[in-house]
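Step one of this worksheet: look at the structure below.
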Amino acid sequence: MEKLELRDYFRDYYVKNPIKPPDLLFQREIGYIPFNGSMVRHRMYNNNIEIERFVKKIVPRHLYYSSAYYRHPEITRMQEKEWLGAELIFDLDADHIEGANKMTYAQILDEVKKHTLRLINVLMDDFGFTEDNIHLYFSGGRGYHVHIESDAVYQLDSDARREIGDYIRIEGINIDDLKNLDDDFFNYGILKKLNNYISEFYENIDENIIKSILGRNYNNYINYLQKYFNGKKIIDFFTDKSGNKFKIMDSFDAKNKITYNRDIFKYIIENFKKGNLAEIDEPVTTDIHRLIRFPLSLHGKTGLMVKPLKIDYLRDFNPLNEAIPDVFKEKEKIINIKINKFEITMNNEHFILGNGEHKVPLYVAVFTNAIGVSDFVT
């Protein structure tokens, strides 16, 4: 019997499953990475039939299209393509998640989902995008892609997109800048959330946290919070959700020649960031020529689908169940595990595979082969 390779199983998928071309396909640059070779770019296809025929013939390991629209997408020199605009793209994966190197694949997927949910909340609450503007995809790998399709973003240059990325990553927030802002700035967006977060911190002061920051000065700080400033207790300023706490803090600290409030506020701001920022891959967002994965294509390093998702389904979505192609659920395969132990839960079944040969569902065989921990056995 002829030994089948990963490419053969990808071909079977593409023969039986249509991909989902983006709108205005004829204005997009198409790129792909073959199973043997490096990135091929600057391809152009006029319609769905052409791109389907190409994919079934070439069988790419990775398939991409440009977030940008061009007058001449097939021209190799970027300045001659005649850029017409680009979607706003966000890529969220494990590369920027603290501690991801110590997580399992399933844990990484859960953690990146949290950041994706935060991103979507900011895009809708702070930027005013609707569900019609936001297109969400599981990347097929370790995270999610979020595409914004709106007249408000198509013409944005890289600098404008970087500012959006900085806002989402909560970059540039520091006490010295905050104290110089007018009160109105704290009525909207991320600064309103920060202002409320500070109020809640002081409404529920944790003695252990204060002691861990200030040490022996804990009692002094608690006493200072009860002192009056402009006819009002300091702690009342800090628990008031409508006030600009930073100006009060700066004036009070300067008058009393202390840094207690500044030290506490630094701690609060850093913790606020950890719980509210979305770790996006900012170069993807700023790149107005970016190639992004093709919907319903296969990720060459996992064999999972690049799967479109409804926003309200994201919380319940489990990629290791729902991004498995049906065609990979129909067969079993013998593989040789090349490491001492490999463990994963896929399609609601837990697998613990030691070094050596195992008969497993084809989706496990494809996944382990794609990530490089197994070989197919004839």
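The values are calculated or read from the model by the stated rules, or taken from the named source; none is laboratory data. Fair warning: this is a prediction, and the values are worked out from it, not measured in the lab. Glycine gets a Cβ as well: all are built from the backbone with ideal geometry, and neighbour counts include every protein chain shown. Areas reflect the complete protein model, heavy atoms only, side chains present, ligands, DNA and RNA absent. Shrake-Rupley method; radii C 1.70, N 1.55, O 1.52, S 1.80 Å.
Worth a mention:
- Subset of region 52-65 [part of a helix (DSSP H, G or I) and either touching a residue at least 60 places away in the same chain (Cβ under 8 Å) or of a type in the set (Ser, Thr, Tyr) (or both)]: Val55
- Residues being more than 27 Å from Pro21 (Cβ to Cβ) and of a type outside the set (Lys, Arg) - total across region 132-164: 3
- Condition broken by Thr286, with the remaining ones in (1) in contact with a helix residue (DSSP H, G or I) (Cβ under 9 Å, 6 or more places away or on another chain); (2) more than 30 Å from Glu80 (Cα to Cα) satisfied: (2)
- Considering residues of region 225-249 that are assigned to a helix (DSSP H, G or I) and open to solvent by 50 Å² or more (accessible area, probe 1.4 Å) only, the residue nearest to Tyr188 (Cα to Cα): Lys247
- Pairs, first closer than 15 Å to Thr116 by Cβ in region 256-282, second part of a helix (DSSP H, G or I) and at pLDDT below 95, C-beta under 6 Å, six or more apart: Glu279/His96
- Number of residues in region 331-378 that are more than 15 Å from Leu320 (Cβ to Cβ), of a type in the set (S, T, N, Q) and either under 31 Å from the mean Cα position of the chain (by Cα) or at pLDDT 95 or above (or both): the value is 5.
- Taking the listed residues Arg162, Arg142, the one that is open to solvent by 30 Å² or more (accessible area, probe 1.4 Å), under 26 Å from Ile311 (Cβ atoms) and outside any loop (DSSP other than H, G, I, E, B) is Arg162, with no other qualifying.
- In summary, no strands (runs of 3 or more DSSP E) completely within region 66-117 bear 1 or more residues that are open to solvent by 80 Å² or more (accessible area, probe 1.4 Å) and either touching a residue at least 12 places away in the same chain (Cβ under 8 Å) or in contact with a strand residue (DSSP E or B) (Cβ under 8 Å, 6 or more places away or on another chain) (or both).
- Within region 186-208, being under 21 Å from Arg118 (Cβ atoms), open to solvent by 40 Å² or more (accessible area, probe 1.4 Å) and either in a loop (DSSP other than H, G, I, E, B) or of a type in the set (A, V, I, L, M, F, W, C) (or both) holds for one residue alone: Tyr188.
- Options Lys56, Lys20, Lys81, Lys16; residue that is of a type in the set (D, E, K, R) and under 16 Å from Arg290 (Cβ atoms): Lys81
- Flag not set for Asn133, criterion: modelled with pLDDT under 95 and surrounded by fewer than 20 Cβ atoms within 10 Å (Cβ to Cβ).
- Pair list, Cβ under 6 Å, 6 or more apart: region 332-356 residue without any contact (Cβ under 8 Å) to a residue 12 or more places away in the chain, other residue surrounded by 12 or more Cβ atoms within 10 Å (Cβ to Cβ) and assigned to a strand (DSSP E or B): Ile352/Glu343
- Check on Val366, among the β-branched types (Val, Ile, Thr), touching a residue at least 60 places away in the same chain (Cβ under 8 Å), in contact with a helix residue (DSSP H, G or I) (Cβ under 9 Å, 6 or more places away or on another chain) and within 19 Å of Asn17 (Cβ to Cβ): yes
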